1. From the convex hull of the Cα coordinates of segment B:9-110, what is the mean projected area in square nanometres?
2. Where does helix A:11-39 land angle-wise versus the long Cα axis of chain A, in degrees 0 to 90, nearest 10?
3. Normalising by the residue count of chain A, find the relative contact order in percent from Cα pairs under 8 Å and 6+ residues apart.
4. For the protein assembly as shown, just run the numbers: alpha carbon Rg, then divide by 2.2 N^0.38 Å, N being how many residues it has.
5. Magnitude of the Cβ-charge dipole of the protein assembly as shown, K/R +1 and D/E -1, about the Cα centre, nearest 20 debye?
6. What whole-number value in cubic angstrom gives the convex hull volume per residue for the C-alpha atoms of segment A:1-64?
7. Based on other C-beta atoms within 10 Å, arrange B:116, A:24, B:23 from fewest to most.
8. How far is residue A:168 from the same spot in each other copy, in nm, shortest first, if each label point sits 7 Å from Cα toward Cβ?
Protein chains: 2
Amino acid sequence: MGFFSKDIKTLDDLFVHTLRDIYYAEKQIEEALPKMIEKATAPELKAGFQMHLEQTRGQIERIEQVFEMHGVEAKEVNCPAIDGILEEADEVSGEVEDKQVLDAALIASAQAVEHYEMTRYGTLVAWAKQLGRSDCASVLAQNLQEEEDTDRKLTEMAESKVNLQAAE
Amino acid sequence: MGFFSKDIKTLDDLFVHTLRDIYYAEKQIEEALPKMIEKATAPELKAGFQMHLEQTRGQIERIEQVFEMHGVEAKEVNCPAIDGILEEADEVSGEVEDKQVLDAALIASAQAVEHYEMTRYGTLVAWAKQLGRSDCASVLAQNLQEEEDTDRKLTEMAESKVNLQAAE
C-alpha cells in the first residue's frame with residue numbers, strides 16, 4: 001500500500017489491509033516470545049509464554065487460511081502499532097533490575113500485546129460478518145477467543161502470584 | 001529513565017514508570033483526537049470523539065491526582081506503544097478514499113487506542129492494590145471504567161451503523 005495513494009476504497013480493502021496488519025503483528029510476536037520466555041523467572045510464566053508461542057503459530061496458520069478462503073495473497077503490511085508495543089516491552093524490561101519485578105513487567109507487556117490482538121480480531125470478525133464472510137469470521141473468532149483466554153490467564157497469574165512476589 | 005541503567009528496582013518504581021507512560025499516552029491522545037474529529041463523517045462518531053476528548057482531559061487530571069497522592073513528580077516518559085498505535089491510525093486513515101469506509105477505519109483505530117489504555121489501567125489498578133494504595137487504585141479504576149464504556153459504545157456504533165454504511 002502506498003503512502004501517497006488512497007488504495008483502500010472499500011470495506012473489503014480495509015478488511016484485507018487489516019488482515020495483513022495482524023499477519024505481520026503475529027509474526028513479530030512469534031519472534032519476540034522466545035526473548036520473553038528467556039527473561040521470565042516464574043516457571044508458570046515461562047510455561048505460559050511457551051504455550052502462547054505454540055498458539056501464535058496456530059494463529060498464523062488460521063490467518064493464512066482466511067487469506068486463502070477470501071482469495072487474496074497472504075502478505076504482510078507494516079504495523080507500527082505492534083512495533084511500538086514490542087519496542088516498549090523491550091525498553092521497560094531492560095530497565096528492571098529485580099527478577100520478580102521483571103516478571104510483573106513482562107506480564108504487563110504481554111497483556112498490552114494481547115489487547116492489541118483482541119481489538120484487531122474483534123474488528124476483523126465484525127467486518128467479515130458485514131461482508132457476508134461468516135466463514136472467515138468464525139476462523140478469526142477462534143484467534144480472538146484464544147487471545148482473550150491468554151489475557152485472562154495472565155491476569156490470574158499476576159494477581160495470584162507474580163505481583164505478590166514483586167511487592168516483597 | 002536511562003536506557004543503559006536499570007532504574008526500576010521495585011514494584012513501586014514500575015508502577016510510577018507505567019503511570020508516567022500512560023500520562024504521556026493520554027496527552028498524545030488528547031492531541032490526536034481533534035484530527036480524528038475532523039476526519040469523521042457520521043455525526044454521532046464526531047460527537048463520540050468530541051465527548052472522548054473531554055473525557056481524556058478529565059483522565060489526565062485524575063492521573064495528576066494519583067501522582068500527587070503517591071507523592072511523586074507528575075512527568076511523562078516515552079511510550080513507543082501509543083506512538084506506534086497513533087502512527088498506524090494516521091497511516092491507515094490516509095489510505096482510505098471513501099468517507100464511510102474511513103469512519104469504519106477511524107473506529108477501529110480508536111478501539112486500538114482504547115484497548116491500550118484498558119490494559120495499562122488494568123495493570124496499574126492491580127499494582128496499586130498490591131502496593132497497598134487502594135486510594136490510587138480507585139481513581140485509576142475510574143479511568144479504566146470510562147475506557148471500557150467508550151470501547152463498548154464504539155462497538156455499538158460500528159455494528160449498528162458505521163460498518164453497514166461502509167459496506168454499501
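1. On the way: hull surface 27.2 nm².
Approximately 6.8 nm², given one-decimal rounding.
2. 20 degrees
3. On the way: 158 pairs, mean separation 44.7, N = 168.
For chain A, the relative contact order is 27 percent.
4. Numbers: Rg = 19.4 Å, N = 336, 2.2 N^0.38 = 20.1 Å.
Relative to the 2.2 N^0.38 Å estimate, the protein assembly as shown comes out at 0.97.
5. Working: 34 positive and 70 negative charges, 70 e Å.
The dipole of the protein assembly as shown has a size of about 340 debye.
6. Details: hull volume 5.8 nm³, N = 64.
Each residue corresponds to 91 Å³ of Cα convex hull volume.
7. Working: B:116 27, A:24 17, B:23 20.
Listing B:116, A:24, B:23 from fewest to most nearby Cβ atoms yields A:24, B:23, B:116.
8. Spacings between copies for this position, smallest first, are 6.2 nm.
All of the numbers you see were taken from the coordinates with simple rules; none came from a lab. Predicted, not measured: the structure shown is a model, and the values here were computed from it. So basically every Cβ, Gly included, is an ideal-geometry build from the backbone, and we count neighbours across all protein chains shown.
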